[in-house]
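A.B. asks: Pasting a structure here, questions to come.
The values are calculated or read from the model by the stated rules, or taken from the named source; none is laboratory data. Just so it is clear, the model here is predicted, and its values are computed rather than measured. Backbone-built Cβ (ideal geometry, glycine too); neighbour counts: all protein chains shown. We work out accessible area using only protein heavy atoms, side chains counted, and drop any ligands, DNA or RNA first. Shrake-Rupley method; radii C 1.70, N 1.55, O 1.52, S 1.80 Å.
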Amino acid sequence: MRAATRLSAALPLLAALCFPVSAAVAQDYPNKPITLIVPFPAGGGVDVIGRIVADKLAAALGQPVIIDNRGGAAGVIGTRVAARAAPDGYTLVMATTGSIAINPNLYANPGYQTLKDLAPIGLISSTPIVLMAHPSASETSLAALIAAAKREPGKINIGTPPPGTSANLAAELLKSVANIDYAIVTYRGTGPLTTDLLGGHVKLALNVLAPAMSSLKSGSLKALAVLATKRSSLLPEVPTSAEAGLPGFEAGLNYGLLAPAGMPRPIIERLNRALRALVDTPEVRARIAADGGDPMPSTPEEYAADIERENMKWGALIRKLNLKVD
């Protein structure tokens, strides 16, 4: 009992002794190049955002930020590498909702648990999933789609990117939330899906904005609903899913920055300040818009809450439908 009492009394002193060390580490940080893991191949949307973030972070921190593309398994491989790196601030990882909220639920053994093995630094942007249609589609709104699917269960086809992606799971979530049934037609990627939608081979799709933006602007395709809590600045006239009659049905890709768990808090705070500042620059905002998104800066705590919400939503759906991948 006396030993326990002495230990309790010593803890505040130990904390006081450790804090100056952490503060000193943060003050000296960074003193060498930083590696930013992008867990997807070069040239894709995550890589493009990652590169401009790396450039701006390097300018703000005074050290090079080197991109390390570690593609594979929909982001699992690179994210796993980051989760196992030293928590010293010299390894960071770009993340999407898919890599940190869907994958840990979808894969039987991804090798990481996001909020246990990674420390959120902050959000960067949010790209909504959009219900879009060929102009010849008879369903001209989300409500009309739901009504048609109730009248003729299983008769409507909706195109999506590959299984396990946010847009594909959004199609499954719509079935569950609206209590309807239709056929999900999966494509190898958002590009082929957009091409077939333009050709009228599939009349409805759940897709991200970037590959379809010019077609939506020209009227070659129609946006019926944005699956987000607020309207997209790129499609301000298109209603959200709640406005279209289905509250609680949201799906999108949030981009953010994380580090290995255990990184000193002062370094997290410094990186968060730099990240929030760069997201507010015209160059980064333009790049985010070109990717079909809106800026979404946050605190580390706000990002952690976002991850938890997305993890609960997609985890429940994956378990309900038994979609887990070995």
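A.B. asks: Any idea which of (1) surrounded by fewer than 18 Cβ atoms within 10 Å (Cβ to Cβ); (2) at pLDDT below 95 is the one VAL185 doesn't satisfy?
C.D. replies: Status for VAL185: all satisfied but (2).
A.B. asks: Also: When you scan the stretch 46-56, do you find a residue that is under 16 Å from the mean Cα position of the chain (by Cα), surrounded by fewer than 20 Cβ atoms within 10 Å (Cβ to Cβ), of a type in the set (A, V, I, L, M) and under 27 Å from ALA305 (Cβ atoms), even just one?
C.D. replies: Among the residues of the stretch 46-56, at least one is under 16 Å from the mean Cα position of the chain (by Cα), surrounded by fewer than 20 Cβ atoms within 10 Å (Cβ to Cβ), of a type in the set (A, V, I, L, M) and under 27 Å from ALA305 (Cβ atoms), which makes the answer yes.
A.B. asks: Right, here's the next one. Does the stretch 146-158 include one or more residues that are touching a Ser or Thr at 6+ places or on another chain (Cβ under 6 Å), surrounded by 14 or more Cβ atoms within 10 Å (Cβ to Cβ) and modelled with pLDDT of 95 or more?
C.D. replies: Applying the first criterion (touching a Ser or Thr at 6+ places or on another chain (Cβ under 6 Å)) to the stretch 146-158 yields none.
No.
A.B. asks: With the condition kept exactly as written, say whether any residue in the stretch 261-276 is within 19 Å of the chain's Cα centre (by Cα), modelled with pLDDT under 95 and either open to solvent by 50 Å² or more (accessible area, probe 1.4 Å) or farther than 24 Å from ILE102 by Cβ (or both).
C.D. replies: Within the stretch 261-276 (the criterion being within 19 Å of the chain's Cα centre (by Cα), modelled with pLDDT under 95 and either open to solvent by 50 Å² or more (accessible area, probe 1.4 Å) or farther than 24 Å from ILE102 by Cβ (or both)), the answer is no, since none of the residues qualifies.
A.B. asks: So, one more: So, restricting to strands (runs of 3 or more DSSP E) that lie completely within the stretch 177-284, which ones have at least 2 residues that are among the small types (Gly, Ala, Ser)?
C.D. replies: Details: elements: 183-186, 204-208, 222-226, 252-260.
Counting at least 2 such residues, we get 222-226, 252-260.
A.B. asks: Taking ALA228, is it surrounded by fewer than 19 Cβ atoms within 10 Å (Cβ to Cβ) and either under 16 Å from ILE49 (Cα atoms) or modelled with pLDDT under 95 (or both)? Reasoning before the result, please.
C.D. replies: Details: surrounded by fewer than 19 Cβ atoms within 10 Å (Cβ to Cβ): no; either under 16 Å from ILE49 (Cα atoms) or modelled with pLDDT under 95 (or both): yes.
The answer is no for ALA228.
Every residue, every condition in (1) crowded, with 17+ Cβ neighbours inside 10 Å; (2) not aromatic (Phe, Trp, Tyr), yes or no:
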site	(1), (2)
ARG287	yes, yes
PRO297	yes, yes
PRO300	yes, yes
ASP306	yes, yes
ARG309	no, yes
TRP314	yes, no
LYS320	no, yes
ASP326	no, yes
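A.B. asks: Determine the pairs where a residue that is of a type in the set (A, V, I, L, M, F, W, C), located within the stretch 295-308, has a partner that is open to solvent by less than 10 Å² (accessible area, probe 1.4 Å) and in a loop (DSSP other than H, G, I, E, B) with Cβ atoms under 9 Å apart, the partner being 6 or more residues away or on another chain.
C.D. replies: ALA305/SER298
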